[in-house]
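The structure appears below as structure tokens.
The values are calculated or read from the model by the stated rules, or taken from the named source; none is laboratory data. All figures in this text were calculated on a predicted structure; none of them were measured in a lab. Quick reminder, even Gly has a Cβ in these numbers, built from the backbone with ideal geometry, and neighbours come from all protein chains shown. Accessible surface is based on the protein model in full, side chains and every heavy atom, while ligands, DNA and RNA are left aside. Shrake-Rupley method; radii C 1.70, N 1.55, O 1.52, S 1.80 Å.
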Amino acid sequence: MKRLLPALALSSCLLTGISTTTLAQSLPGLTLFSGVKSENQLSFFLDFGGQTNSTDRYRLRVPANKMKLPVSQFNITYPEHYKGSFDTKEIEVRVKGKSVGLKEVKWDKETRVIEIVTQEPVPARSKVELILSNVQNPSFGGMFYFNCQVLSPGGVQIPRYLGTWIISIS
């Protein structure tokens, strides 16, 4: 019994230390009752943990199987109750891990849309990561649905829905 108590105390300290080292948040995970079909849920990663009132970096991912056509513009919409802010000078698009040139990045606060226009169309079947750095998370936490719509070059410019990132700020 005397040997068991110190061993138990030491192992509980180690387990506590290991669990606190993981700050970042990501999806996919188990999301119940979100209202978004699982095939429409896009994965993401919050580099600094998604804490309220803090600066963060959002890595919003679009898998290659969602990119059925070339894309010249990504539109990210977010809900009215999200009161964070974005730095349009700190937005990057990576295709297959490599940064691509951007023609224009606009943030319309009134309609809650971030428009990201690439210099060259992103090829179909490409794995894409939209990186939003220097994001100021909102003061109050919650679950926020960020939607991804894209425009393809040429033809009629009708946005196509690719999926939703379900981001939780706590």
Legend entry - Residue list for the stretch 85-107, restricted to those being assigned to a loop (DSSP other than H, G, I, E, B) and crowded, with 18+ Cβ neighbours inside 10 Å: 86
Inset, instruction - Could you tell me which numbered condition residue 112 fails, if it satisfies all but one of (1) open to solvent by 30 Å² or more (accessible area, probe 1.4 Å); (2) closer than 13 Å to residue 147 by Cα; (3) in contact (Cβ under 8 Å) with a residue 60 or more places away in the chain; (4) not acidic (Asp, Glu)? - result: (3)
Legend entry - Considering residues of the stretch 30-51 that are more than 12 Å from the chain's Cα centre (by Cα), assigned to a loop (DSSP other than H, G, I, E, B) and polar (S, T, N, Q) only, the residue modelled with the highest pLDDT: 51
Inset, instruction - List the number of the failed condition for residue 134; all other conditions in (1) in a strand (DSSP E or B); (2) of a type in the set (S, T, N, Q); (3) surrounded by fewer than 14 Cβ atoms within 10 Å (Cβ to Cβ) hold. - result: (3)
